[in-house]
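Inspection log for the structure reproduced underneath, given as structure tokens.
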Amino acid sequence: MNLATTDETRSSLTDLPVPAVDADPHEQDVPWRHRHVLDVDVLSAADLELVMRTADAMREVLGRPIAKVPALRGSNVTILFYEASTRTRVSFEVAAKNLSADVVNIAAATSSVAKGESLVDTIRTVEALGARMLVMRHSVSGAPYLAAEVFGGSVLNGGDGWHAHPTQALLDLYTMRQRLPGGSVEGRKVVILGDVLHSRVARSNIWSLTASGADLWLCGPSTLLRGFEAWAARGAAAGRRFHVTSSVDEALRDADVVMALRIQKERMASGLLPSLREYAARFGLTRERLALARPDALVMHPGPMNEGVEIASDVAVSAQSVITDQVTNGVAIRMALLYLLAGVRDGG
Amino acid sequence: MAVDVRAAAGEVGRILAELDLSAVWAVDPGAGREGPADLVIRDGTIESVTWLEGADADGIEPNGVVVAPGFIDLHVHLREPGNEDAETVASGLAAAAHGGFTTVCTMPNTDPALDEPGVLALVRAAAAASGSPVELLAYGAVTAGRKGEQLAALGELGDAGVVGFSDDGAPVRSATILRNALAYAGSAGLPVVDHAEDASATDGAEANDGFVATVLGLRGWPASAEASAVARDLAILADVVRDVPGAHLHLTHLSTARALDLVRGAKAAGLPVTCDVTPHHLAFTDEWLAGARRWAWDGSGDPWGDNAIEAQPFDPSLRVNPPLRSVEDAGAVLAALLDGTADAVATDHAPHTEVDKAVEFGYAANGISGIETALGLLLAAVDAGRLPLARAIAALTSGPRAVLGSRSRRERPGLTEGAAADLVVFDRSDRWTVGADGLLSRGKNSPVLGRTLSGRVLLTVAGGRIAYEAAEG
């Protein structure tokens, strides 16, 4: 998975064809070959660039008085969530509706195995009901890969277990590029702070940010960084370097971007942390800590936030915060992916 | 070299009337011998074994047709009674014979558990009704209902003929129960077979704790959970043997370098401990979870960095307890086989239904249906030059026989004149593709479906009777 961007691939990115998103995706000649988006690990630098540029076009659509294009008219997008979520589910729904898709929402019970229909049966059922694209969230790592094996259309991963959250990583990258001077993350110090161990957001961001040349730092209590030192060592060997530390000061010093991750209460029960209070005191993103970073550093959070725990309320709403931009950009990124997938599915 | 085993044609269970194996490669680990040979079998008995020398032996290579004593599997799950959708005694014995096995030792984690002689009688009746000549041996549970609380009917089970005791599927959690079981069973000359796992370190665990699990977001299953359980078991054994010299601990499916090191040390210190390793921990690694499909000995531990990913990640057929380990651990499994620390290869054949396996990785039942591919996986190591053929065969024959001692009801003299024919004939040059339809086990949960293995089994003869015969073509 050698995604390290070379100068050669980077120069070829400038003449990448970008789709005209008002038109039918099947008529677009864009170099997108992925039938599913299950993680960012398989996306090349050119793929990432195409998603970013398509999202630019979608941002333009979102700025119109009627933020809608007919691209997916008559196409059924089914949103199947096995885990509670408001923001991601609604974001996908808005994205699909902005593309004029027919949207079906299914909130499934989590314990499908014990209580009823298997995932495979559910996928076959939604396909028989007309689903052409499936957006899926699941609490078990890898579940969308099983779905992709049986589903005839395209699967878009809306988050699986601790494993991956590709649309979040892509909207994070998009937001950083949009807000950082120079429009690039290359060489920028990006810190992901908090519960990395349980975070699909962190894992997907590792792939996309190292592929984009960011100076990535993972920071948190050592119990919540378990295994990542070994990953960093492997990554360094493969030209995908990142840093792992439990020192908040070291991580935040001169950072360009600080992304705080949600900390969950059940982490105390499993003995990973003494208390939320201690976590907030040692790792919470406060104004004082943020002062270690560059004065214009961006503050990000994938949401939902525990204000006063992993992030102080005043930091979350400060001028440096781009948290609401992340939400808006999330719609543009999801529109872009649905559009690109629609093109490859029928056009291929 | 073509050998027409079909000259022996007959249905399963029939006495092998007549078979001449001419100019084949014979491996007889019990006799410490391998080489070109002719075998003549009449009415189920090995009438003659002629080791060829000089010009007669010319051109007979170990990479063609091989004959060896029938394989012994110290660890299988036949699922009957209670989970006949996954496997029955009959389908399990047919699968065993297809894999070249003529003896299997089945684990007691059935429903109900095999914790009293009545259940043993049921399993034996099913074996008799199957018509298979494969010898079915059984372990009794260590604790009643495998609940880990009270000793099962160890004495009665021993009298009824179990070959040892195990709560496999789970470890014997209580140190006191393990100590008492080792002593009680040891005085009857029977081993306790422990599944070594510190369950307090593996709650919810999905995959070997390491780089691959970290990247895939799977809950880590630390190697230390096995090593610490083995250390505890060995310490208890050392205490027990002072009182009960006949105590015997057998550790099954060891998968980590550290656990195998502990056993190596304990054996050197003279403790009565034996162990087995599985074909899957030898040949596969956690790289496979990421979608790599290279053999353990070709792995680096970083399938992403090597562009070695050729299948979808999270294949639930790879979910197994203990989990597929690192490249280094798989190397240690091989090393343990080479230096004799591992006494045997046992398959931990664990058939499951599609309902239990074709689900999300984290929900999938643990286990691999492996008895029909065990030889193929070992031969992959042999073909790669990592394992001598004779050592691979010994780990399937003389090794497990020594662990079993005299508890098999059959004599196992190997390829010996005058003995009942109990042997397997396979062709190393005959490659076969593993397919769900071709597996005789009801459990199709194999990670090597669609893969081509060498060493098709042509004929398995158990106790002088035909157990398996390859179809035409």
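Readers should treat all values here as calculations from the given coordinates under stated rules, not as data from a laboratory. Owing to the predicted nature of the structure, the values given are computational and were not obtained by experimental measurement. Virtual Cβ from ideal backbone geometry, glycine too; neighbours counted across all protein chains shown.
Size of the dipole of the range B:315-473 about the Cα centre, Lys and Arg at +1 and Asp and Glu at -1 on the beta carbon, nothing else charged, in debye to 20? Around 280 debye, computed over the range B:315-473. Fraction of C-alpha pairs exceeding 20 angstrom in the range B:74-141: 15 percent, rounded to a whole number.
Qualifying GluC sites (Glu not before Pro) in the range B:403-473, where qualification requires a DSSP coil assignment and no more than 14 other C-beta atoms within 10 Å, comprise B:GLU411, B:GLU417, B:GLU472. Between the C-alpha center of the range A:72-147 and that of the range B:268-283 there is a gap of 46 Å.
I want the local charge near B:SER398. Using Cβ-Cβ distances under 10 Å, sum +1 for each Lys or Arg and -1 for each Asp or Glu among the other residues.
Values: positive: B:ARG401, B:ARG412; negative: B:ASP28, B:ASP343.
Taking every Cβ under 10 Å from that of B:SER398, the sum is 0.
Loop-resident GluC sites (Glu not before Pro) (DSSP state other than H, G, I, E or B) in the range B:290-354 with no more than 16 further Cβ atoms inside 10 Å of their Cβ: B:GLU310. So what's the gap between the Cα centers of the range B:176-206 and the range B:220-253, to the nearest angstrom? The range B:176-206 and the range B:220-253 have Cα centres separated by 7 Å. As an equivalent ellipsoid, the range A:166-323 spans semi-axes of 22, 19, 13 angstrom, where each value is the square root of five times an eigenvalue of the C-alpha gyration tensor, largest first.
Net charge around A:THR88, counting only other residues with Cβ within less than 10 Å of its Cβ (Lys, Arg = +1; Asp, Glu = -1)? Spell out each step's value before the answer.
On the way: positive: A:ARG87, A:ARG89, A:ARG137, A:ARG334; negative: A:GLU83, A:GLU93.
Here the count lands on +2.
Eigenvalues of the alpha-carbon gyration tensor of the range B:70-407, scaled by 5 and square-rooted, set the equivalent ellipsoid semi-axes at 29, 22, 20 angstrom, largest first.
For the segment B:208-221, counting C-beta atoms of other chains within 10 Å of every residue's C-beta and taking the mean gives 6. The alpha carbon gyration tensor of the range A:207-282 gives principal lengths a ≥ b ≥ c with a/c of 1.5 or higher and a/b greater than b/c, which makes the shape prolate.
Dipole magnitude for the range B:70-407: computed about the Cα centre from +1 point charges on Lys and Arg Cβ and -1 point charges on Asp and Glu Cβ, it is near 780 debye. With Cα atoms defining each centre, the range B:431-452 and the range A:171-210 are spaced 43 Å apart in the structure. Within the range B:48-104, the GluC sites (Glu not before Pro) that combine a DSSP coil assignment with at most 11 other C-beta atoms in a 10 angstrom radius are B:GLU53.
I need the shape label for the range B:112-258. Rule: rounded when a/c is under 1.5, else prolate if a/b > b/c, else oblate, with a, b, c from the alpha carbon gyration tensor.
Numbers: a/c = 2.29, a/b = 1.41, b/c = 1.62.
Oblate shape, in that a/c is at least 1.5 and b/c is the bigger or equal ratio.
In the frame of its principal axes, chain A has Cα extents of 52, 52, 43 Å, reported largest first.
Please figure out what share of the DSSP beta bridges in the protein assembly as shown is antiparallel and state it in percent, rounded to the nearest 5. Write down the numbers at each step before the final one.
On the way: 36 of 97 bridges.
Rounded to the nearest five, the antiparallel share is 35 percent.
A dipole drawn for the protein assembly as shown from +1 and -1 charges on Cβ atoms has a positive end, and of B:THR416, B:GLY367, B:ALA129 the residue lying farthest that way is B:GLY367. According to the square roots a ≥ b ≥ c of the eigenvalues of the Cα gyration tensor, what is the shape class of the range B:136-214, taking rounded for a/c under 1.5, prolate for a/b larger than b/c otherwise, and oblate for the remainder? Note, shape of the range B:136-214 comes out prolate. Cβ crowding within 10 Å ranks B:LYS147, A:LYS265 as A:LYS265, B:LYS147, fewest other Cβ atoms first. Model label points for A:ASP22 and A:GLU307, set 7 angstrom from Cα along the Cα-to-Cβ axis, are 4.1 nm apart.
Using Cβ counts within 10 Å as a stand-in for footprinting exposure, how do A:PHE242, B:PHE361, B:PHE101, A:PHE151 rank, fewest first?
Values: A:PHE242 20, B:PHE361 26, B:PHE101 31, A:PHE151 23.
Going from sparsest to densest Cβ surroundings: A:PHE242, A:PHE151, B:PHE361, B:PHE101.
Could you check what % of the DSSP bridge pairs in the range B:70-407 are antiparallel, to the nearest 5? Don't skip to the end; give the middle numbers.
Values: 2 of 25 bridges.
Percent antiparallel among DSSP bridges in the range B:70-407 is about 10.
Within the shell of other residues whose beta carbon sits under 14 angstrom from the beta carbon of A:ASP102, the net charge comes to +3, with Lys and Arg scored +1 and Asp and Glu -1. Between the residues A:VAL196, A:MET300, A:MET259, the greatest Cα displacement towards the positive end of the dipole of the range A:166-323, with unit charges on the Cβ of Lys, Arg, Asp and Glu, is found for A:VAL196. May I ask what percent, to the nearest 5, of DSSP beta bridges between residues of chain A are antiparallel? Bridges in chain A are about 5 percent antiparallel.
Remark: the protein assembly as shown carries a charge dipole of roughly 2280 debye about the Cα centre, counting +1 on each Lys and Arg Cβ and -1 on each Asp and Glu Cβ. The calculated P(r) of the protein assembly as shown, using every Cα pair and 20 Å bins from 0, goes 15, 41, 30, 13, 1 in percent. As a rough footprinting exposure proxy, the listed residues B:HIS248, B:HIS280, A:HIS138 were ranked by other beta carbons within 10 Å of their own, and the order from fewest upward is B:HIS248, A:HIS138, B:HIS280.
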